[in-house]
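The values are calculated or read from the model by the stated rules, or taken from the named source; none is laboratory data. All values reported here derive from a predicted model rather than from experimental measurement. Cβ atoms come from the backbone with ideal geometry, glycine included; neighbour counts cover every protein chain shown. Ligands, DNA and RNA are excluded from the accessible area calculation, which covers all protein heavy atoms including side chains. Shrake-Rupley method; radii C 1.70, N 1.55, O 1.52, S 1.80 Å.
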Protein chains: 2
Amino acid sequence: MKRISARKVIYSFSRKHKPVEHVTTKEKVLLETEDAFGGQVKDENMSIEQLDWTKVNGATGPVFVDEAKPGDTLVVAIEEIRIPDKGVIAVIPNQGALRNKSFSAVVKIIPLHEGQVHFEREIKVKANPMIGTIGVAPLVGEIPTGSLGRHGGNMDVKEVTSRTKLYLPVFVEGALFAAGDLHAVQADGEVCVSAVEVPGEIILSFDIIKGKSVSWPILETQNSYAILACGDSLDEASALAVDAAVEAFMREYNWSFEKAYMFSSLVVDLKVNQVVDPKKGIRANIPKSLMSLESLCHGNS
Amino acid sequence: MKRISARKVIYSFSRKHKPVEHVTTKEKVLLETEDAFGGQVKDENMSIEQLDWTKVNGATGPVFVDEAKPGDTLVVAIEEIRIPDKGVIAVIPNQGALRNKSFSAVVKIIPLHEGQVHFEREIKVKANPMIGTIGVAPLVGEIPTGSLGRHGGNMDVKEVTSRTKLYLPVFVEGALFAAGDLHAVQADGEVCVSAVEVPGEIILSFDIIKGKSVSWPILETQNSYAILACGDSLDEASALAVDAAVEAFMREYNWSFEKAYMFSSLVVDLKVNQVVDPKKGIRANIPKSLMSLESLCHGNS
């Protein structure tokens with residue numbers, strides 16, 4: 001199994017980054033990852049003002065996936081996420097859902113023990129290790145790893161966990177995949193701008209669907225497909241997610257727009273990812289019993 | 001058990017409406033309700049243009065709850081929701097999450113059978129009968145039953161089902177409670193602007209928490225409390241929901257704002273109600289294991 005060091009870190013998704021490793025669809029890969037603060041927060045006396053902001057939100061990679069070509073879909077099977085026994089969370093003035101309020105910068109070290117996040121001595125929450133940032137290089141330009149888009153990125157979807165699959169559009173040769181920003185636990189919204197930020201290891205493998213593309217990243221969990229859309233507001237992100245879901249139902253059942261729109265009102269749950277990054281994320285959740293992968297991952301338009 | 005006819009219908013929440021019934025906290029009440037179209041859609045040939053729009057989104061009531069005074073909290077225990085064996089759904093041009101697209105008005109009659117909604121012959125969805133509109137009179141003015149606010153209203157929360165409790169602020173003597181707009185099934189978002197609209201019967205009972213108030217309607221389900229906020233955009237609604245959740249955690253654990261804000265990022269799930277009404281609804285979902293009713297329903301501010 002190839003192991004990629006957390007020192008191989010990028011701060012943007014871009015074709016300009018030279019691959020740090022080449023992998024095939026026949027092998028597993030282990031990515032070591034930094035935490036979202038780049039490991040800079042060592043204790044609770046750390047002041048947020050001391051942070052080197054050029055070293056946050058890193059993603060390990062990029063990985064060149066052999067045979068991935070523009071117009072294909074990259075399938076990322078997340079097999080395991082390993083995290084250590086402590087993490088860190090921070091509130092940062094002018095950040096988060098309540099950024100308009102006046103409050104202080106605070107850093108808190110959070111111990112983990114036996115699958116529980118110990119926020120306070122008596123207040124525990126079940127850990128749910130997840131990947132905050134995961135994506136590929138866009139066709140042109142450079143997208144900071146702290147943002148999100150059709151290429152993936154900092155989507156902060158709490159369901160991106162082990163035993164799920166993510167389908168990403170391939171824009172450049174080899175896809176140039178990278179991931180990082182693990183969270184030991186995060187609720188839908190990530191409302192204060194951070195979660196329990198942890199370094200760790202991700203074990204994954206790749207597959208490629210040749211010549212078919214997804215309009216947004218698609219997450220496959222045990223019972224659902226989720227279309228991971230984003231926009232400048234939650235309202236815009238919702239409309240984009242619904243649009244993609246309705247189009248998928250039109251393909252799935254050969255329905256009119258009107259019938260697919262109706263049905264979406266009954267079975268497509270709009271869910272919030274995070275509300276705190278430059279782009280807001282909404283996912284459209286569709287039961288797998290009602291939708292096939294083929295209708296989500298279709299011919300190139 | 002007192003039975004209130006669906007002919008006792010209001011189209012706004014307001015203190016101006018004379019109560020149609022007086023009830024105590026010791027009795028059950030049955031509300032008959034019209035569907036959201038006021039029963040006007042009889043078959044699929046019905047044209048939306050023929051609808052009398054002054055007769056849609058009605059709510060049955062208002063009910064005067066004895067001893068409910070301004071500053072109290074009205075507790076509504078929803079015991080049973082009975083629906084018939086067919087409903088209706090419509091797409092309406094210029095409505096819904098995709099209102100900017102060009103499409104036709106379509107009405108579809110949806111049969112129900114053995115707890116399943118039969119969208120098409122082979123395409124069934126499990127029914128989940130829920131109340132779309134439920135609320136009390138505001139302090140001043142008149143709020144259309146098709147809108148929502150701190151008084152409740154057309155919140156379209158799919159978890160407002162039987163065996164849940166809703167906590168509503170009381171603004172006027174007797175609360176002047178009303179409910180209607182039952183849905184046989186609706187997904188989070190209600191993206192096309194309607195769901196499977198059904199008439200029906202709601203059996204409920206009331207209780208009163210004296211001298212304590214909720215800042216937003218609170219829904220209690222088996223494992224969660226949800227703060228039902230709304231705003232002019234999903235983004236605004238999210239911030240209001242988070243604000244209320246953070247304040248509740250500050251009360252619950254006697255925490256600083258910063259600590260409550262952090263913790264909310266780990267355990268408060270922001271969920272979408274509907275994205276299609278004049279006000280957008282977001283609910284902040286909090287596990288009951290981490291929050292008491294007392295911190296949500298507190299002294300009047």
Residues satisfying the stated conditions in the stretch A:220-238, i.e. crowded, with 22+ Cβ neighbours inside 10 Å and not polar (S, T, N, Q):
A:TYR225, A:ALA226, A:ILE227, A:LEU228, A:ALA229, A:CYS230, A:LEU234, A:ALA237
When residues of the stretch A:66-119 are limited to those that are in contact with a His (Cβ under 9 Å, 6 or more places away or on another chain) and within 13 Å of chain B (Cβ to nearest Cβ), the one farthest from B:LYS259 (Cα to Cα):
A:LEU112
Can you confirm whether the stretch B:277-297 contains a residue that is of a type in the set (S, T, N, Q) and away from every other protein chain (no Cβ under 12 Å)?
yes
Only one of (1) more than 30 Å from A:SER213 (Cβ to Cβ); (2) open to solvent by less than 20 Å² (accessible area, probe 1.4 Å); (3) in contact (Cβ under 8 Å) with a residue 60 or more places away in the chain fails for A:ILE109. Which number is that?
(2)
Please go through the stretch A:243-276 and give me each residue that is open to solvent by less than 10 Å² (accessible area, probe 1.4 Å), at the interface with chain B (Cβ under 7 Å from one of its Cβ atoms) and assigned to a strand (DSSP E or B), ordered by number.
A:LEU270, A:VAL272
The stretch B:188-213: number of residues that are part of a strand (DSSP E or B) and within 14 Å of another protein chain (Cβ to nearest Cβ)
3
Scan of the stretch A:101-111 for residues that are out of contact with any Asp or Glu (no Cβ under 7 Å at 6 or more places or on another chain) and assigned to a strand (DSSP E or B), ordered by number:
A:ILE110
Restricting to the stretch A:19-38, name every residue that is part of a loop (DSSP other than H, G, I, E, B) and surrounded by 14 or more Cβ atoms within 10 Å (Cβ to Cβ).
A:PRO19, A:VAL20, A:THR25, A:GLU34, A:ASP35, A:ALA36, A:PHE37, A:GLY38
Are there any pairs with C-beta distances below 6 angstrom linking a residue in the stretch B:52-64 that is within 14 Å of B:SER147 (Cα to Cα) to a residue that is of a type in the set (Ser, Thr, Tyr) and open to solvent by 40 Å² or more (accessible area, probe 1.4 Å), with the two at least 6 apart or on different chains, and if so which?
B:GLY58/B:TYR11
With B:LYS279, B:LYS288 as the choices, which residue is open to solvent by 10 Å² or more (accessible area, probe 1.4 Å), within 15 Å of the chain's Cα centre (by Cα) and among the charged types (D, E, K, R)?
B:LYS279
Would you confirm whether or not the stretch B:194-208 contains a residue that is closer than 18 Å to B:ILE10 by Cβ, in contact (Cβ under 8 Å) with a residue 24 or more places away in the chain and β-branched (Val, Ile, Thr)?
yes
Tally of residues being within 29 Å of A:GLN116 (Cβ to Cβ) and either outside the structural domain of A:VAL88 (by TED's automatic domain parsing) or in a strand (DSSP E or B) (or both) across the stretch A:149-187:
9
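Rundown of residues vs (1) part of a loop (DSSP other than H, G, I, E, B); (2) farther than 30 Å from A:GLY211 by Cα; (3) among the charged types (D, E, K, R), yes/no style:
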{"residue": "A:VAL63", "(1), (2), (3)": "no, no, no"}
{"residue": "A:GLY71", "(1), (2), (3)": "yes, no, no"}
{"residue": "A:ALA77", "(1), (2), (3)": "no, no, no"}
{"residue": "A:PRO93", "(1), (2), (3)": "yes, yes, no"}
Given the conditions (1) of a type in the set (A, V, I, L, M, F, W, C); (2) part of a loop (DSSP other than H, G, I, E, B); (3) open to solvent by less than 10 Å² (accessible area, probe 1.4 Å), report the number of the one that B:TRP216 does not fulfil.
(3)
Select from the stretch B:112-139 the residues that are in a loop (DSSP other than H, G, I, E, B) and in contact (Cβ under 8 Å) with a residue 12 or more places away in the chain and write down the one among them that is farthest from B:ALA244 (Cα to Cα).
B:GLY115
Please work out if B:VAL75 is within 30 Å of B:GLU173 (Cα to Cα), touching a residue at least 40 places away in the same chain (Cβ under 8 Å) and in contact with a Phe, Trp or Tyr (Cβ under 7 Å, 6 or more places away or on another chain).
yes
Please go through the stretch B:120-152 and give me each residue that is open to solvent by 60 Å² or more (accessible area, probe 1.4 Å) and within 14 Å of chain A (Cβ to nearest Cβ), ordered by number.
B:ARG121, B:GLU122, B:LYS124, B:LYS126
Result of the Cβ filter at 8 Å on the stretch A:214-242, keeping first residues that are facing another protein chain (nearest Cβ under 9 Å) and partners that are open to solvent by 30 Å² or more (accessible area, probe 1.4 Å) and in a loop (DSSP other than H, G, I, E, B), at least 6 apart or interchain, is A:SER233/B:SER233; A:LEU234/B:SER233; A:ASP235/B:SER233; A:ALA237/A:LYS279; A:ALA239/B:ASN100
